[in-house]
2 protein chains.
Amino acid sequence: MARTNGTAEHPALANSGEILSLIATGAATSRSALLDASGLSRVTVTQRLNALIDSGLIRETARTMPSGGRPTRVLGINERAGFFLVANIGEAYIHLAAMDLEPAIVSQSTIPFNASDGPAASLEQIADGFDVLAAKARTSHGSLFGVSLSMPTPVDFKRGRVVGPSVLHGWDEFDIIGWLRRRFDVPIYVENDVNLMAIHEHRQNFPHVDDMFFIKAGTGIGSGIIAGGRIFRGAQGAAGDIGHIQFNSENAPLCRCGKLGCVEARAGGWAIARDLSSKGFQAENARDVISLVEMQKPEALMLLRSAGRVIGEVASDVVSILNPSLIVVGGTLAKGGEFLLSGIRELVYQRCLPLATRELQIVLANPQKDSALFGAAYLALEDIFSLGKVEELIDRLSIDRANPLSQSSMISG
Amino acid sequence: MARTNGTAEHPALANSGEILSLIATGAATSRSALLDASGLSRVTVTQRLNALIDSGLIRETARTMPSGGRPTRVLGINERAGFFLVANIGEAYIHLAAMDLEPAIVSQSTIPFNASDGPAASLEQIADGFDVLAAKARTSHGSLFGVSLSMPTPVDFKRGRVVGPSVLHGWDEFDIIGWLRRRFDVPIYVENDVNLMAIHEHRQNFPHVDDMFFIKAGTGIGSGIIAGGRIFRGAQGAAGDIGHIQFNSENAPLCRCGKLGCVEARAGGWAIARDLSSKGFQAENARDVISLVEMQKPEALMLLRSAGRVIGEVASDVVSILNPSLIVVGGTLAKGGEFLLSGIRELVYQRCLPLATRELQIVLANPQKDSALFGAAYLALEDIFSLGKVEELIDRLSIDRANPLSQSSMISG
DNA sequence: TATATTTTGAATAAAAATATACAATACTAC
DNA sequence: GTAGTATTGTATATTTTTATTCAAAATATA
């Protein structure tokens, strides 16, 4: 179907969405791969590809791939053709960044966060911060492609809302997407931070693993599920909420949530800190625990290993239920390395059937501060360039190019 | 891309795969829906649709849908355009059937099954039984489209093999697909029976539920996961293996698998029968348990309810991990109705966060003897008519039609 | 019964995509 | 260096698909 053609200069651009999507998502990175993947003829692919290269969205990289004959030129997205605005809402700070299409951080800033301010005030601060970053990014990185938010709470991704009561009072059911769209007329995404960390870890380090389980062991405990290569969210976006799975035992500790014996109350950073405090150490959160572990305090090592066994207990349930081929352990407690990992491994290999564990890998995540930020960028990137939606992007760019003075994405700027 | 055109009579047929797929999978069942879903022009859709109707694969049903103006004719697959051969391998019998594209049973038969015969002998019996059914079906239902097998063991679906040691000695890693392909030159599927029951329950009764968890509570306990509307298998096809999740407790019972305290050893039909036997009742398996339940024996009711609580314990873990919107409980023990269900509900609502349970439904499956058989048919149906693979089917049919005496699917017949 | 409304069919010219062929290119292996 | 090989570009006629228009069909509503 021929689409409304925004640019007179590039008649083929309007139909080149599929090609753009294949390259941007990494599904095909050479002309011959595009032929196979798209099913189009070589002439058509060449034509559309040229339109994309002329438009500056796609470019031939310096790299080539050996083929036996003339090497194939590797195609890639021009990472400076556009940019995203991403934000990670933490406990006390919000981390903002403009990210290119690599994705890599172009520029960033940090603003204080007060949960008690409520969503409207905080989002206004975020949007103001975004405006500064966007003004800079526009000079070098084209136009704004999307906005992506990382929240420290359960999120109903489809509706773009925080769901369920949480530490963020007043955010429950607040229409974040609606609010932000008044300032930025581009696709807007809101997702839970643990899911974003899982996405980042998957795309960056294990893109070819289909079924992966990511555990974030920090002050609290959460997880993200990659099923069939994609994040799995469940009905309300609450999938992976393993922190409050309960185990029976005597002296089950009381959890923050009011129940007894939750995983978090046994193995979360705050729980270990609680136990260390009762032994006379100074510890409030996961970072304090790791400090003591790095000082090789035997009590801390013992408690971390024991926390690993608790996490291993849930992990073994997850392995039985989901049968992943990879478990990645991240979060602050993961800095405890083998002391945490060995406990997890012990329980998983003890409890699960050999069929499920014979090819199972359990590894530590690369400690990276901005993991959720990268995940947010990947999330936006892949959705915006997905098969069904690239056309919107191309239309938007065509309009912007037609009258460059009033970029469609600039509402507040 | 124009494809090799097998039929001179229907030039448009070769390109009509997408249309066929949309109708057959239920994604679009009217001409206007096809326009939207395919993105093709009305002329092209009409042309290809006519080719499909002429070929006998698609037909206009008697039903119409009100539209405000002229009602839209509902399109559907001609359920007699082809058939599947499906088999469910049980404990002592193999249930064979020829199924049309509805899917509905065309004809069926049962043969004894001896696990000790080994795979080659049993598959030969199955194939012989299939030949009889196929000969009959061919006279009224076109040609064979696919073969689908239900196994009472874990199956690596991609490779079509039984994996892991099980009750079926000698089947581990046997190349079932390879063996059957020598007799039937059509797509062949092998899948675990619980997954197939989950597929059947989903397609038949809850096609619009995205995230569903199916529990089979019979002599053993297993489960099937529907994630994002599709069956989720995990890395080795072992996902949903909840029967051997362990819970700590005093006097943890010994399981068939050699571990202590497995779900199955606490709540499986054989475990309840074991406990009933020790109380002086005659019971060996789930059916015996249900007989005693139907006789309203208090001990049986109590044990079933208690089994429900054990299953509820796993179910609550699953709800925390997967956040499904529906749990369906099937299998023989499900005939115990509310006695089983109430225990499950009790634990799930007690243990899970309100966010995950506020829209969660927990229901009984419709008791249906041939559930796995229907699931096997759905599995084959959807794969064969899936977007990427319909073309193969059309090619096969075109060849068959060109020289009808030597149907490509008839090797053994 | 007439009117509005939507589906469906058919015919035309225009546009897009294809197959095919030939040529140029850039590497590897000998 | 030269042959071999696979990638890439370009031009042709051909085929497929589309947009557009006009008309007929089947229902609900007034």
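Quick look at the numbers
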read-out: Choice from A:69, A:178, A:222 with maximal GNM fluctuation in chain A (Cα, 10 Å cutoff); value: A:69
read-out: Förster-model FRET efficiency, 30 Å R0, residue B:105 and residue A:35, C-beta, rounded to 0.05; value: 0.10
read-out: Degrees between helix B:298-322 axis and first principal axis of chain B (Cα, 0 to 90, nearest 10); value: 60 degrees
read-out: Förster radius 41 Å - calculated FRET efficiency between residue B:278 and residue B:80, Cβ distance, rounded to 0.05; value: 0.15
read-out: Proxy reagent accessibility, fewest Cβ within 10 Å first, across B:257, A:262; value: B:257, A:262
read-out: Charged-residue dipole, Cβ positions (Lys, Arg, Asp, Glu), the range A:1-140 about Cα centre, Debye nearest 20; value: 860 debye
read-out: Net charge dipole size for the range A:262-413 [Lys, Arg +1 and Asp, Glu -1 on Cβ; Debye, nearest 20]; value: 480 debye
read-out: Inter-copy label distances at residue B:36 (7 Å, Cα→Cβ; nm, one decimal); value: 3.6
read-out: Separation in nanometres of the label points that stand 7 Å from Cα toward Cβ, at residue A:291 and residue A:120; value: 4.0 nm
read-out: Net charge of Cβ neighbours under 12 Å - reference residue B:337; Lys, Arg +1; Asp, Glu -1; value: 0
read-out: The protein assembly as shown - mean residue ellipticity at 222 nm from DSSP helices (-39,500 (n - 2.57) per run, n ≥ 4, rounded to 500); value: -12500 deg cm²/dmol
read-out: For residue A:349, net neighbour charge (Lys/Arg +1, Asp/Glu -1) across residues whose Cβ lies under 13 Å away; value: +2
read-out: Antiparallel content of DSSP bridges confined to the range B:82-187, in %, to 5; value: 65 percent
read-out: Nearest 10 degrees, 0 to 90: helix A:193-205 Cα axis against chain A principal axis; value: 70 degrees
read-out: Highest-fluctuation residue, A:398, A:41, A:67 considered, GNM on chain A with Cα pairs under 10 Å; value: A:67
read-out: Taking the range A:186-302 and dividing mean pair separation by its residue count, relative contact order in percent (alpha carbons under 8 Å, at least six apart); value: 16 percent
read-out: Shielding by partners, peptide B:239-246 (average Cβ within 10 angstrom, other chains); value: 6
read-out: Counting DSSP beta bridges with both ends in chain B, the antiparallel % (nearest 5); value: 60 percent
read-out: Cα gyration tensor category, rounded, prolate or oblate, for chain A with a/c compared to 1.5; value: prolate
read-out: Cβ-placed point charges (K, R +1; D, E -1), dipole of the range B:13-77 about Cα centre in debye, nearest 20; value: 200 debye
read-out: Residue B:251 paired with residue A:140, simple spin-label distance in nm, labels 7 Å along Cα-to-beta-carbon; value: 7.2 nm
read-out: Above-threshold pairs, the threshold being 20 Å between Cα atoms, out of B:279/B:369; B:297/B:335; B:158/B:389; A:158/A:389; value: B:279/B:369
read-out: C-alpha long axis of helix A:371-384 to longest principal axis of chain A, angle in °; value: 40 degrees
read-out: Other-copy label distances relative to residue B:169, 7 angstrom Cα-Cβ extension, nm; value: 6.8
read-out: Loop trypsin sites (Lys or Arg not before Pro), the range A:289-380 (other Cβ atoms within 10 Å of the site Cβ: 16 or fewer; DSSP); value: A:358, A:369
read-out: Farthest positive-ward along the protein assembly as shown dipole, Cα basis, beta-carbon charges - from B:344, A:387, A:302; value: A:387
read-out: Shielding by other protein chains, B:219-231, mean Cβ within 10 Å; value: 2
read-out: Burial ordering of A:232, B:174, B:214, fewest other beta-carbon atoms within 10 Å first; value: B:174, A:232, B:214
read-out: Nm distances between copies for residue B:136, ranked from closest, using label points 7 Å along Cα→Cβ; value: 7.7
read-out: Contour minus Cα-Cα distance for residue A:62 and residue A:172 (0.36 nm per residue); value: 34.8 nm
read-out: Bridge type composition, the protein assembly as shown - antiparallel percent by DSSP, nearest 5; value: 60 percent
read-out: Relative contact order (%) - criterion: Cα under 8 Å, at least six apart; region: the range B:13-77; value: 35 percent
read-out: Residue order, fewest to most beta carbons within 10 Å, for B:100, B:175; value: B:175, B:100
read-out: Net lengthening on full extension, residue B:128/residue B:369 (0.36 nm per residue, minus Cα-Cα); value: 84.4 nm
read-out: Cβ-defined net charge surrounding residue B:277, 12 Å radius [Lys, Arg +1; Asp, Glu -1]; value: -2
read-out: Residue mean of other protein chain beta carbons inside 10 Å, B:309-318; value: 2
read-out: Gaussian network model of chain A, Cα within-10 Å springs - most flexible of A:28, A:252, A:267; value: A:252
read-out: Unit charges at the beta carbon, dipole of the protein assembly as shown: most positive-side option, A:16, A:133, B:106; value: A:16
read-out: 3J(HN,Hα) from dihedral phi, the range A:348-353, Karplus parametrisation 6.51/-1.76/1.60, rounded to Hz, x for glycine, proline; value: 4, 6, 6, 9, 8, 5
read-out: Relative contact order %, chain B, counting alpha carbon pairs below 8 Å whose residues are six or more apart; value: 16 percent
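Coordinate-derived values only; no laboratory data. Worth saying up front: this structure is predicted, and the values here are computed from it rather than measured. Heads up, the Cβs are rebuilt from the backbone with ideal geometry, glycines too, and the neighbour counts pull from every protein chain shown.
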